[in-house]
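Let me begin by presenting the structure, written as structure tokens, before commenting on it.
Each value in this text was obtained by applying a stated rule to the coordinates, not by laboratory testing. Keep in mind it's a predicted model, so treat the numbers as computed, not measured. Here the Cβ positions follow ideal geometry from the backbone for every residue, glycine too, while neighbour counts run over all protein chains shown.
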Amino acid sequence: DAGVIQSPRHEVTEMGQEVTLRCKPISGHDYLFWYRQTMMRGLELLIYFNNNVPIDDSGMPEDRFSAKMPNASFSTLKIQPSEPRDSAVYFCASSLAGAVGLANYGYTFGSGTRLTVV
Amino acid sequence: LAKTTQPISMDSYEGQEVNITCSHNNIATNDYITWYQQFPSQGPRFIIQGYKTKVTNEVASLFIPADRKSSTLSLPRVSLSDTAVYYCLVGDIPPSGTYKYIFGTGTRLKVLA
């Protein structure tokens, strides 16, 4: 398996522009997570999906952020308009989880997208 | 909500055994304890998971006492390549009943030659 695939690996954009980050989860995984990592705030959970349905988006910082999962093999995280404080590494992860409260078989993370907004 | 507390950083020398302890006083009955490793410029990588007593795999061992309020990740005979940030996680189940992980600050392990 190729693992979780994220694109692009690096993105540099100007403030005010729209940014779209992409993720292909591991086939068969029923959970997909978007995280953001910065030195100041560490790893923050932004949103996660179960069977393509958004379950919890309480971590999405503002309305400028949106995420979709149109099918089991693809998800996007969009920032519109982008701001310099959005600069971070964005990770996508997928998981094959058991029932609530039972063993989670571990997340598999992608390599991340390093976003720089100037 | 289950929160974890672990040392911010640790130093060790090559060949030594490293033990990183994590406190999770509010762990829920059905929560599992999971540890991840993150190298610079990479996403976190699953290391080991357990519920109670001891779990061992090819990478590490995980020791969990009977009260489950803490856990210890043990890395045998570390090498320079084990320099990384190690995260301790427990399942964070909000009232809605859905399952998600909240990463803490992790422990930055530096292995010295």
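Hey, got the dipole for chain B? About the Cα centre, +1 on K and R Cβ, -1 on D and E Cβ, debye to the nearest 20?
The calculated dipole for chain B is roughly 200 debye.
Taking all pairs of different Cα atoms in segment A:1-108, averaging 1/r and flipping that mean, what Kirkwood radius in angstroms comes out?
14.3 Å
With a 10 Å Cβ neighbour count serving as the proxy for reagent exposure, in which order, fewest first, do A:C92, A:C23 appear?
Least crowded to most crowded, the residues run A:C23, A:C92.
Using +1 at the Cβ of each Lys and Arg and -1 at the Cβ of each Asp and Glu in chain B, identify which of B:G43, B:P65, B:S79 lies farthest towards the dipole's positive end.
Sorting the options by dipole projection puts first B:P65.
If I model a spin label at A:L96 and B:R45 as a point 7 Å from the Cα along the Cα→Cβ vector, what separation in nanometres do I get?
It is 2.0 nm.
Given a Förster distance of 30 Å, report the FRET efficiency between B:R108 and B:T56 from their Cβ-Cβ distance, rounded to the nearest 0.05.
That pair, B:R108 with B:T56, gives E of 0.80.
Per the Kirkwood treatment, what hydrodynamic radius in Å, one decimal, follows for the protein assembly as shown from the mean inverse distance over all distinct Cα pairs?
Answer for the protein assembly as shown: a Kirkwood hydrodynamic radius of 18.3 Å.
Testing the spin-label approximation: label points 7 Å from Cα along Cα→Cβ at A:A2 and B:R77. State their distance in nm.
It is 3.7 nm.
Within a 10 angstrom radius of the beta carbon, how do A:I26, A:I5 rank from fewest other beta carbons to most?
A:I5, A:I26
Explain nothing, just the number: relative contact order of segment B:17-113, from Cα pairs under 8 Å at least 6 residues apart, as a whole percent.
29 percent
So for chain A, averaging the separation of alpha carbon pairs under 8 Å that are six or more residues apart and normalising by length, what relative contact order in percent results?
36 percent
Dividing the Cα convex hull volume of chain B by residue count, how many Å³ per residue is that?
Given the Cα convex hull of chain B, per-residue volume reads 94 Å³.
What GluC sites (Glu not before Pro) does segment A:1-89 have in DSSP loop regions with at most 11 other beta carbons within 10 Å?
A:E14, A:E18, A:E62
Lysine pairs, Cα distance under 17 Å, 8 or more residues apart or cross-chain: how many in the protein assembly as shown?
Lysine pairs meeting both conditions in the protein assembly as shown amount to 7.
Take every DSSP beta bridge whose two residues both sit in chain B, then give the antiparallel share in percent to the nearest 5.
About 85 percent, rounded to the nearest 5.
Given the options B:T34, B:T83, B:T56, which has the most mean-square fluctuation in a GNM of chain B, springs set between C-alpha atoms less than 10 angstrom apart?
Highest fluctuation among the options: B:T56.
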